[in-house]
Amino acid sequence: MSAIGNLIWFCFGGIVMGLGWWLVGCIAFLSIIGIPWGRACFVIGNFSFFPFGQEAIDRKELSQVEDIGTSGAGTVGNIIWFIFAGIWLAIGHVMAAVSCAITIIGIPFAIQHLKLAGIAIAPIGKTVVPKEVAAEARQRNAAAFVNAARR
């Protein structure tokens, strides 16, 4: 089912949003200091091409290890990102979501655009994984939390 959704998504707007993410990534790479943001743009651009069956989650949630993107430096990076590019990508996704939601059949696509708008606001420290992997990571984190609370 997600393959059909991805095919329809790609043909009717996913390619435009993915290319938008890649364009911002190229601009970030040109600035040299924007390379970490550029890398995130390419990862999320690929996700934007085919979002059904995948999910963006925090790397810390997946690996249980804090890295530079999931620490305070990542928060600072996300603030800088939001000011220079995140707001514009988020606005683009929200506008696309509204146009999809106007048609009843486009509501699943509107939901995907809103998810991508949320990612556009703060992409640093996120990774894209299949939905099953994200669910398993959340389940293991919950089990670890319960086990720690029992001790």
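Restricting to segment 9-35, count the residues that are in a helix (DSSP H, G or I), of a type outside the set (F, W, Y) and buried (at least 16 other Cβ atoms within 10 Å of the Cβ).
So in segment 9-35, the residues in a helix (DSSP H, G or I) come out as 9-30, 35.
With the extra rule that they be of a type outside the set (F, W, Y), the set shrinks to 11, 13-20, 23-28, 30, 35.
Checking which are buried (at least 16 other Cβ atoms within 10 Å of the Cβ) leaves us with 13-14, 17-18, 20, 24-25, 28.
So the answer is 8.
Within segment 129-151, restricting attention to residues that are within 17 Å of the chain's Cα centre (by Cα) and not in a helix (DSSP H, G or I), the residue that is farthest from G53 (Cα to Cα) is V129.
Kindly check whether there is at least one residue in segment 52-68 that is surrounded by fewer than 13 Cβ atoms within 10 Å (Cβ to Cβ), out of contact with any strand residue (DSSP E or B) (no Cβ under 9 Å at 6 or more places or on another chain), under 21 Å from M1 (Cα atoms) and free of Cβ contacts under 8 Å to residues at least 24 places away in the same chain. Among the residues of segment 52-68, not one is surrounded by fewer than 13 Cβ atoms within 10 Å (Cβ to Cβ), out of contact with any strand residue (DSSP E or B) (no Cβ under 9 Å at 6 or more places or on another chain), under 21 Å from M1 (Cα atoms) and free of Cβ contacts under 8 Å to residues at least 24 places away in the same chain, which makes the answer no. None of A96, A73, A101 is assigned to a helix (DSSP H, G or I), in contact (Cβ under 8 Å) with a residue 24 or more places away in the chain and more than 15 Å from the chain's Cα centre (by Cα) except A96. Condition first: touching a residue at least 24 places away in the same chain (Cβ under 8 Å) and either over 27 Å from W37 (Cβ atoms) or β-branched (V, I, T) (or both). Now tell me which residues in segment 114-140 satisfy that. Within segment 114-140, I119, I121, I124, T127, V128, V129, V133 qualify. Could you tell me whether A96 is out of contact with any helix residue (DSSP H, G or I) (no Cβ under 8 Å at 6 or more places or on another chain) and among the hydrophobic types (A, V, I, L, M, F, W, C)? No: the conditions fail for A96. Can you work out which of the residues in segment 1-15 that are without any contact (Cβ under 8 Å) to a residue 60 or more places away in the chain and closer than 30 Å to I35 by Cβ is nearest to the chain's Cα centre (by Cα)? Per the stated criteria, the residue is G14.
Between K115, K60, which is modelled with pLDDT under 90, out of contact with any His (no Cβ under 6 Å at 6 or more places or on another chain), not hydrophobic (A, V, I, L, M, F, W, C) and not in a strand (DSSP E or B)? Answer to the check: K60.
The values are calculated or read from the model by the stated rules, or taken from the named source; none is laboratory data. Computed from a predicted model, the values in this text were never measured in an experiment. Glycine gets a Cβ as well: all are built from the backbone with ideal geometry, and neighbour counts include every protein chain shown.
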